[in-house]
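The values are calculated or read from the model by the stated rules, or taken from the named source; none is laboratory data. Predicted model only: the values in this text are computed from it and were never measured. All Cβ positions, glycine included, derive from the backbone under ideal geometry; neighbour counts span all protein chains shown. Just so you know, the surface numbers come from the protein's heavy atoms only, side chains and all, with ligands and any DNA or RNA stripped out. Shrake-Rupley method; radii C 1.70, N 1.55, O 1.52, S 1.80 Å.
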Amino acid sequence: MLRIESLDAHYGLFQALFGVTLSVAPGETVSLIGSNGAGKTTLLRAMAGALKVRRDSIRLDGDPVGGASEREQLARGVALVPEGRRLFPSLTVHENLQLAARNGRPGAWTVERVLESFPALRPLLARPATALSGGQQQLVAIARALVCNPQYLLCDEVSLGLSPLVVEEVYQLLALARRDGMAIVLVEQNVRRALAESDRYVCIQKGRVVLEGISASADRHAVAQAYFGV
Ligand code: ATP
């Protein structure tokens with residue numbers, strides 16, 4: 001269980017999160033919904049160890065892990081697919097995947113399995129990451145997180161700016177991960193999609209949780225109100 005408890009987060013003097021409490025159970029998918037600047041990326045970064053936060057404000061299976069490094073979180077099974085892909089530009093696709101596999105945990109998702117699941121990646125292996133389209137980079141970014149065999153996969157706007165066809169590919173890849181029992185925390189601007197792809201949702205507004213519930217029975221009107229802050 002990944003548990004966030006009374007989490008505050010700051011950038012210098014600016015406070016971005018105020019007492020956020022939520023939990024993600026093994027194998028479940030939780031969507032974080034909120035407008036630009038609500039604090040969704042900050043929350044994912046805190047979970048992934050990319051932000052200094054109070055130690056006991058994040059617990060993994062009961063252990064306080066807030067403020068641990070990204071590498072430590074990866075080793076514990078928490079991996080982030082950051083907004084904007086952030087592949088290593090000087091490495092080929094294959095090298096990006098191999099490096100990630102080495103830094104992650106052993107498990108079912110090997111580089112070979114990812115390539116079997118997504119044959120579209122195979123012809124790209126020798127290319128430098130910079131020579132890929134945005135959609136291709138996004139698939140590689142997700143593949144790179146998968147080969148770390150996380151227990152919790154944190155996805156920040158993974159469909160942003162992609163063609164509808166590639167968006168479907170991205171969600172197919174996430175569905176495979178889910179089938180394997182991976183928990184997913186999803187930030188997706190398309191609210192309908194965010195609800196369709198998740199078990200539960202959490203709406204965040206100005207750094208605070210304002211609404212949460214079961215995605216399948218979500219009141220769309222209430223979610224829209226929470227999203228727009230009215
Ligand atoms: P978006 O959809 O735009 O990514 P978000 O919900 O992910 O929005 P965050 O990126 O977490 O929101 O930002 C939350 C708040 O923190 C915003 O007011 C933002 O301006 C501020 N913020 C984010 N990163 C920094 C930073 N590096 N330095 C200072 N303030 C920041």
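Carbon-plus-sulfur fraction of the accessible area of the chain, 1.4 Å probe, in percent?
Carbon and sulfur: 53 percent of the exposed surface of the chain.
For the range 41-139, state which GluC sites (Glu not before Pro) are in a DSSP loop and have at most 12 other beta carbons lying within 10 Å of their beta carbon.
Answer in residue order: no site qualifies.
With N residues in the chain, what two-decimal value do you get for its Cα radius of gyration over 2.2 N^0.38 Å?
Against the compact-globule rule of thumb, the ratio is 0.98.
Among DSSP beta bridges whose residues both lie in the chain, state the antiparallel percentage, nearest 5.
55 percent
Suppose accessible area is computed on protein heavy atoms with a 1.4 Å probe; arrange S217, S163 from highest to lowest.
On the way: S217 90, S163 55 Å².
Ranking S217, S163 by accessible area, largest first, yields S217, S163.
Heavy-atom accessible area of D219 with all protein chains present, probe 1.4 Å, nearest 10 Å²?
So the heavy atoms of D219 present about 90 Å² to solvent.
Counting Lys and Arg as +1 and Asp and Glu as -1, each charge on the Cβ, what is the dipole of the chain about the Cα centre in debye, to the nearest 20? Please report the intermediate quantities before stating the final value.
Values: 25 positive and 22 negative charges, 69 e Å.
I would put it at about 340 debye.
Just the accessible area per residue of the range 2-228, please: how many Å² with a 1.4 Å probe?
44 Å²
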